[in-house]
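Report on the structure given below.
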Amino acid sequence: QVQLVESGGGLVQAGGSLRLSCAASGRTFSSYGMGWFRQAPGKEREFVAAISRSGGSTYYVGSVKGRFTISINNANNTVYLQMNSLRPEDTAVYYCAAGKSPGLILTIDLYDYWGQGTQVTVSS
């Protein structure tokens with residue numbers, strides 16, 4: 001079993017920055033690929049970014065490329081999402097997810113564990 005706990009969300013003005021953290025625990029966590037998703041009110045949950053377990057490979061949805069950075073610290077089992085140049089359309093609940101593959105996981109159905117989410121609100 002893997003437990004994921006997100007933190008770092010909040011209210012920020014457009015153009016500002018936030019860093020989300022996802023603390024993971026679980027005996028087999030060291031072999032899981034990680035990702036960040038978001039869900040805005042009335043919309044489906046969408047993929048934001050993914051990272052391989054080693055941290056050597058990353059992938060971003062086009063709308064955040066160049067603004068967001070996903071990273072992983074295997075020493076403390078934490079995944080981060082650094083979000084810069086935030087826009088009002090980035091407003092959503094952000095979720096951390098873990099999947100049973102150490103590589104990049106780009107499909108939502110392949111993620112097995114989810115955090116409770118953290119709210120990010122960007123004001124214009």
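The numbers here are math on the coordinates, done by the rules we state, and not lab data. What you see is a predicted model, and the numbers here were worked out from it, not measured in a lab. Using ideal geometry, Cβ is built from the backbone for each residue, glycine included, and neighbour counts are taken over all protein chains shown.
Odds and ends about this structure:
- J(HN,Hα) series, the stretch 62-68, from Karplus relation 6.51 cos²θ - 1.76 cosθ + 1.60, nearest Hz, glycine and proline x: x, 5, 10, 4, x, 10, 10
- Integer Hz, Karplus 6.51/-1.76/1.60 couplings in order for the stretch 10-16, x for Gly and Pro: x, 9, 9, 7, 4, x, x
- The chain - percent relative contact order, Cα under 8 Å, separation 6 or more: 36
- Extension gain, Gln82 to Gln116, is 10.4 nm, computed as 0.36 nm per intervening residue step minus the present C-alpha separation.
- What the phi angles of the stretch 91-99 give under the Karplus curve with 6.51, -1.76 and 1.60, with θ = phi - 60°, is a coupling list of 4, 4, 8, 9, 10, 9, 9, 10, x Hz, glycine and proline written as x.
- The distance between label points at Glu46 and Gln13 comes to 2.6 nm (points 7 Å beyond Cα on the Cα→Cβ vector).
- Antiparallel bridge percentage (DSSP; both residues within the chain; nearest 5): 90
- In terms of the mean number of neighbouring beta-carbon atoms within 10 Å, the peptides 56-67, 113-124 order highest first as 113-124, 56-67.
- Amide H within-cut-off set for Tyr59, under 5 Å, with H built and near neighbours excluded: Ala50
- Extension gain, Ser57-Asn73: 0.36 nm per intervening residue step, less the Cα-Cα distance, totals 4.4 nm.
- Scoring 68-78, 31-41 by mean Cβ neighbours within 10 Å over their residues and listing the highest first yields 31-41, 68-78.
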